[in-house]
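The values are calculated or read from the model by the stated rules, or taken from the named source; none is laboratory data. This one's a predicted model, so the numbers in the text were calculated from it and none came from an experiment. Don't worry about glycine lacking a Cβ; one is built from the backbone with ideal geometry, like all the others, and counts go over all protein chains shown.
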Amino acid sequence: MDRRQFVHACSSVGLTGLFPGALYAQVAEEDGAEASPITPDHVAAAETIVGLSFAPEERALLVETLNEHLQQYKALRAHDLPNARAPATVFDPRRGGAEMPTVPPAQDGADVPLPTGDRPAQDDDLAFASIAELAHLLRARKVTSVELTELCLQRLRRYDEALNAVITYTEARALEAARQADRELDAGTLRGPLHGIPYGAKDLLAVEDYPTTWGATPYQTQELDDTATVIQRLDDAGAVLVAKLSLGALAWGDVWYDATTKNPWNLDQGSSGSSAGSAAAVSAGCVPFALGSETLGSIVSPSTRCGVTGHRPTFGAVSRHGAMALSWTLDKLGPIARSALDCALVYDALRGADPQDPASVDAPFPFAADEPVDTFRVGVLQGAFEEDYENQAADQNTLDVLQTLGAELVPVEWGTDLPVGALLKTLDVEAAAAFDALTRSDEIDTLVRQGENTWPNVFRSARFVPAVEHVQMDRLRVDLMEQAHAVLQDLDVLASPSFGGDTLGITNLTGHPCVCLPNALRPVEDGPAARRQPGSISFVAPLYEDHKALRLAHAVQQQTDIHTRRPPIR
C-alpha cells in the first residue's frame, strides 16, 4: 500500500488527527477489509505523530477509548456537512484589543466627487476609464449601461483566448440588468456611483441560475440555488455582472480545471492567484472592477502580478455568505480595480453586517477622497525594506512619495517571536474540514494540480494535525493579534513590502485590512520589448480603518501613474 492509499485509509476509518501512524500496519494487513479494533501495538506505532511516549499500561487504557472514538467519528460522518455550514465558533479580530471605531453618520460612506468631461473618442479609452469617470458619463447619458456592458463582453471574448480568465459569461443576466439601469438613469433615478457599471466576480461566489465551479473539476457543473450577498449588494447598487472569472482550483494559484490564467503584462506567465481571472480581467481593461477573495494572499498576489490595485478588507467587514468556504477564520472578500479610489467605491457598496454570515459586522467607512494625508503617521517596516529583494527600489520610491506628501514616517517592526508559519496551519486544517467529503472520495484525484504543494496533499496531511495542537494554534493566534494591535494602534497606516516581513501571513491571521498598489513595471528579459513585470507595495491599516489605507494609496496614485498604464496583452 502506497502513502496516498494509506492516508486515504486513515481518513476512511476515522482516525484522523491523533493516531494515524498506528493505522498503517492495520490497513496494510487488512488490505481494504473492515478495520479491526485498535490494539496497544497500534497506539505504540502512532505515538511519534503526537510527540509523546506512553507506558504499556497507558496504551492498554487508551485502546477502549480510541475504539469508541472510531464509532463516534462514524456517527459524525453520517451527517452531511455542506461547504456552507460554518463552525459554531466565530473568529473576532477584536480579541487583540481593537475596538470598533465610531463616526458621525454624515461622515460614514465614500465621499468621491465625480469628474466632468466628454466620452472618450476611442472604445479602448472608455474601457480603461475609472469608475468615477464612468459614473459621470452614465449620469450625463453620454454613454449607456448597455454600451458599457457590450464593450466589456466584447473585450472579454477578444482577449480570453490569451488570458483564460472567464469561466462563465452571464450575458443574459448582464444585458437585462444594463437595460434596467438605463431605464432608471433615463428617469433620473440614481442608486449610487456603481449604477450601470459592469464588473466580474471570482467564480467561488454563487449566482443563481449559473454554474459556480470553484475552479475545480469535481464542481465544474455545480449550480447553487443561492446568490452571494456581495453579488446581491452590487445588484442593489445597480452594478452589472458580466462574467464569473477564473480562480485557481479551490482558491489556490492560477491553474483551474480548464487552463492557466495569464498575466496581461506577460502572457508567458500565469496571473498568480487565486483571484486569477479577477486581476487579469481588470488589468486588461475587460471590466472596470472585479470581486476577489483572500485567505492568504489571493488578492495581494494576483493584483501584484497583474499590476492592479487590490483591497483586502478587515475580516468580517464584508459578508461571505454564498462564497466557497476555505477557512472560516481567514476568508475575506474584496475588490480588485485599477485604483484605490475605485476600490473605495466598490467596498462602500459591499460592506456591512449580514445575518447569514455570523462573522460579519457593521464597520464605518469615513472615506473622503480629498482628505489630506500630511497628518498621517505611517509605520515603515524598516527591516523588511532594508532587505535585498526585487521590488526594493520601487518601494523606496513610494516611501519618498509619502514623505513628499507630508506623512510622518516612523520606523517599526512587528517584533513577534511567534511561529507564524505554524499558526497558518489553521488554514490547512479548516480547509481540510471544508473539503472533508472530497478528500474521502476519489474525486480529489481529478484536481488538475497533484503533488506535494497542492490541495490534495494539504488536505491529507492536515488530517494528521493533532486536535490539541490545533487548539494551541488558536490560543497563540490571540497573542499574535495582541502584538499586531500594539504595533498598529498608534499608526494610521503601516507600509510593508507586499511579500516581506511576514506581513502577509501576520495580517491575514489577525484580520487587518490591506491595500496593495502597483508601483513598478520592470522590463522582462528575453521577451517582447513591451512586456513588463509589475511590482507592488502594501499599506496595512488598523482594524476597521480601511479608509486610511485606501486614502493613503489614493494620495500616492494621485502623484504617480503606474496604475494608469495599459498592458500589451501579447
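Checked against the criterion of being under 21 Å from L234 (Cα atoms), buried (at least 24 other Cβ atoms within 10 Å of the Cβ) and basic (K, R), region 283-305 contains not a single residue that satisfies it. None of D348, D357 is farther than 18 Å from C514 by Cβ and buried (at least 19 other Cβ atoms within 10 Å of the Cβ) except D357. Take the conditions (1) assigned to a strand (DSSP E or B); (2) under 30 Å from R183 (Cβ atoms); (3) not small (G, A, S); H311 misses just one of them, which is (2).
Quick one: count up the residues across region 167-213 that are in a helix (DSSP H, G or I) and not aliphatic (A, V, I, L, M). Let's see the steps before the verdict.
Within region 167-213, the subset in a helix (DSSP H, G or I) is 171-186.
From what is left, the residues that are not aliphatic (A, V, I, L, M) are 171, 173, 176, 179-180, 182-184, 186.
Residues that pass the stated criteria total 9.
Could you look through region 28-48, keep only residues that are assigned to a loop (DSSP other than H, G, I, E, B) and either more than 19 Å from R463 (Cα to Cα) or acidic (D, E) (or both), and pick out the one that is modelled with the highest pLDDT? Filtering first and then ranking leaves T39. Under 25 Å from A243 (Cβ atoms) and outside the structural domain of E184 (by TED's automatic domain parsing) - does that describe any residue in region 106-129? The answer is no; no qualifying residue exists.
Rundown of residues vs (1) without any contact (Cβ under 8 Å) to a residue 12 or more places away in the chain; (2) closer than 16 Å to A407 by Cβ; (3) among the basic types (K, R), yes/no style:
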position: T510; (1), (2), (3): no, no, no
position: N519; (1), (2), (3): no, yes, no
position: E525; (1), (2), (3): yes, no, no
position: A530; (1), (2), (3): no, no, no
position: Q557; (1), (2), (3): no, yes, no
position: T560; (1), (2), (3): no, yes, no
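The number of residues in region 462-498 being surrounded by fewer than 20 Cβ atoms within 10 Å (Cβ to Cβ), touching a helix residue (DSSP H, G or I) at 6+ places or on another chain (Cβ under 9 Å) and under 26 Å from N397 (Cα atoms) comes to 0.
Does H512 count as in a loop (DSSP other than H, G, I, E, B), modelled with pLDDT of 95 or more, on the phi < 0 side of the Ramachandran plot and in contact with a Pro (Cβ under 8 Å, 6 or more places away or on another chain)? Don't jump to the end; show me each part of the working.
On the way: in a loop (DSSP other than H, G, I, E, B): yes; modelled with pLDDT of 95 or more: yes; on the phi < 0 side of the Ramachandran plot: yes; in contact with a Pro (Cβ under 8 Å, 6 or more places away or on another chain): yes.
So H512 fits the description; yes.
The condition (being of a type in the set (S, T, N, Q) and in contact with a helix residue (DSSP H, G or I) (Cβ under 9 Å, 6 or more places away or on another chain)) is satisfied by just one residue among Q154, Q72: Q154. Could you say whether any residue in region 313-335 is crowded, with 24+ Cβ neighbours inside 10 Å and aromatic (F, W, Y)? Yes, because at least one residue in region 313-335 is crowded, with 24+ Cβ neighbours inside 10 Å and aromatic (F, W, Y).
You will find that of G352, G292, the residue that is in contact with a strand residue (DSSP E or B) (Cβ under 7 Å, 6 or more places away or on another chain) and in the same structural domain as E208 (by TED's automatic domain parsing) is G292 and no other. The C-beta contact set for region 169-180 (first residue closer than 16 Å to D203 by Cα and of a type in the set (K, R), second residue surrounded by 17 or more Cβ atoms within 10 Å (Cβ to Cβ) and modelled with pLDDT of 95 or more, distance under 8 angstrom, 6+ apart or interchain) comprises R173/V207; R173/Y210; R173/L241.
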